[in-house]
Structures are given as C-alpha cells and as structure tokens.
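Below is one structure, written out as structure tokens, with a few remarks after it.
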Amino acid sequence: MKKVTITKNGPYLVEGGVPLAHQHIVTNAEGESLEWREGEKLPAAQKYALCRCGSSGTKPFCDGSHKLNGFDGTETASREPYESQAGRIEGPTMLLDDAESLCAYARFCDPHGKVWNLVAKTDEPHAAKLFVHEAGHCPAGRLVARDRASGRAIEPHLEPSIGLVQDTAEGISGPIWVRGGIPVVAADGATYEVRNRVTLCRCGASSNKPFCDGSHASTRFSDKT
C-alpha cells in the first residue's frame, strides 16, 4: 500500500514504491507560473525516507541530521476536512474553495487577473478554462474549482506519485508534492484527509506542519545545499 508516514521529529517514511521526480514550475517572461514540467526522476525503493528538517546532506533523502540539529517536527495543522477549512467564492457557473493556510507559494493563481477574479467570469468559456487550469495547478490543493450546479470538484488526474517542487524563477526549492490520493499518516497514527494533492514541508520552517505554508520562500530553501 502506498502511504507517507510522518515520524516524530524525523523524516517522512514513504512506502509502496511511490515514484519520485523533480517537478519544475514553468513561468513566462514576466515570471508568472503557467505549467508543470517533470524533471529528473530519482530512484524510488519500495520504502524510503525523505528529509523534513531541511538539513540533510543527501536531500531529498534523510541522512539523520534531524537527530543532531534539534529539529522540532510537531504537527500543528488542522485535521478538519478541507471543506471545513476552506472559504468559498461563488461565480455564475463555478465555485472556488480556498483554504489559505495550505498555500505553498506556487503562484499558479496569479496570471490572467488572479483566480479569485476569474471565478466571477466563469460564464465566459475562455475565463472558465483559465479558472479550472489555475485552481487545478495549485499543488497544495489550497484551491479547488467546483461545478456550481452539482458541487462536484473539478480535479486534475494525478497518478500516485511524489514531486519535489523546484521554483526556478525564484531560485528556490519548494515542498514535497504528494499526488494521486496517497494517504498521509500523522506521527500519532491518525490519517489526514486523503486528497488528490497536498504539499508537505521539507524546509523545516512551516508553522503548519506537516503541510507547507510557503516558508521555503522566505528562508530561501534549496535542496542543493
């Protein structure tokens, strides 16, 4: 069974032979996030440990540095379902759910006047297409587009896999992108809500552990160091 288990003040243990690859944010000349590009694929054993303290010398894998640097990996994120955490903006044909605490600073929400404004134009086919694209490209699942009539979430198809986000435009490395409905199990054995896309902190600085809160941007985290 594919799953990610959080260890107390230690790494993420990934089981089930989950594929692992770098995922690069592709931007335009203005630096706006437009697409994802898969980069280097890393060897993924049946079971492997990913660093979450940010200090490993063998990133993305754990080398035990958390035992020496006093890493505090206490989980502080809400365990309420996403729908309980998210606010909602209503548009003419679609809805936008937004759980701001899950923001991973990937910035796919910014082009074309911002996703929060596009939802108001979803009765226009082009705007509706852009709206679904921007919400669906949010790696953290902070943003979810829904069909207004049915309430159905409009989710991208993501195979069970893990991406290591690389933010080339900003010159930083982003979170661990868990995709395709892989369960994330807390250190106390409870399972977080299983979702199509979530991002886990790997810089060690998030105040919403285990999830990314964008702190890698302010700390200038790089998995090359």
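The values are calculated or read from the model by the stated rules, or taken from the named source; none is laboratory data. Treat the numbers as computed from the prediction; the structure is a model and nothing was measured. Positions of Cβ are generated from backbone atoms using ideal geometry, with glycine treated the same way; all protein chains shown enter the neighbour counts.
For the reader, a short list of remarks on this structure follows.
- Inter-residue pairs, beta-carbon under 8 Å, first surrounded by fewer than 17 Cβ atoms within 10 Å (Cβ to Cβ) and in region 1-26, second of a type in the set (Phe, Trp, Tyr), 6+ apart: Asn9/Phe71; Leu13/Tyr48; Val26/Trp36
- Scope region 120-142; condition among the aliphatic types (A, V, I, L, M), touching a residue at least 24 places away in the same chain (Cβ under 8 Å) and surrounded by fewer than 24 Cβ atoms within 10 Å (Cβ to Cβ); matching residues: Ala120, Ala128, Val132
- In the set (1) among the acidic types (Asp, Glu); (2) assigned to a loop (DSSP other than H, G, I, E, B); (3) surrounded by 12 or more Cβ atoms within 10 Å (Cβ to Cβ), the condition left unmet by Glu30 is number (3).
- Annotation: Phe71 fulfils all but one of (1) in contact with a strand residue (DSSP E or B) (Cβ under 9 Å, 6 or more places away or on another chain); (2) under 23 Å from Ser218 (Cβ atoms); the unmet one is (1).
- Qualifying residue in region 44-60 (condition: surrounded by 14 or more Cβ atoms within 10 Å (Cβ to Cβ) and modelled with pLDDT under 95): yes
- Qualifying residue in region 172-179 (condition: in a loop (DSSP other than H, G, I, E, B) and touching a helix residue (DSSP H, G or I) at 6+ places or on another chain (Cβ under 9 Å)): no
- Top-ranked residue of region 87-119 - restricted to ones that are surrounded by 19 or more Cβ atoms within 10 Å (Cβ to Cβ) and small (Gly, Ala, Ser), ranked as nearest to the chain's Cα centre (by Cα): Ala104
- Sole residue being out of contact with any strand residue (DSSP E or B) (no Cβ under 8 Å at 6 or more places or on another chain) and not assigned by TED's automatic domain parsing to the domain that holds Asp188, chosen from Asp97, Asp123, Asp110: Asp123
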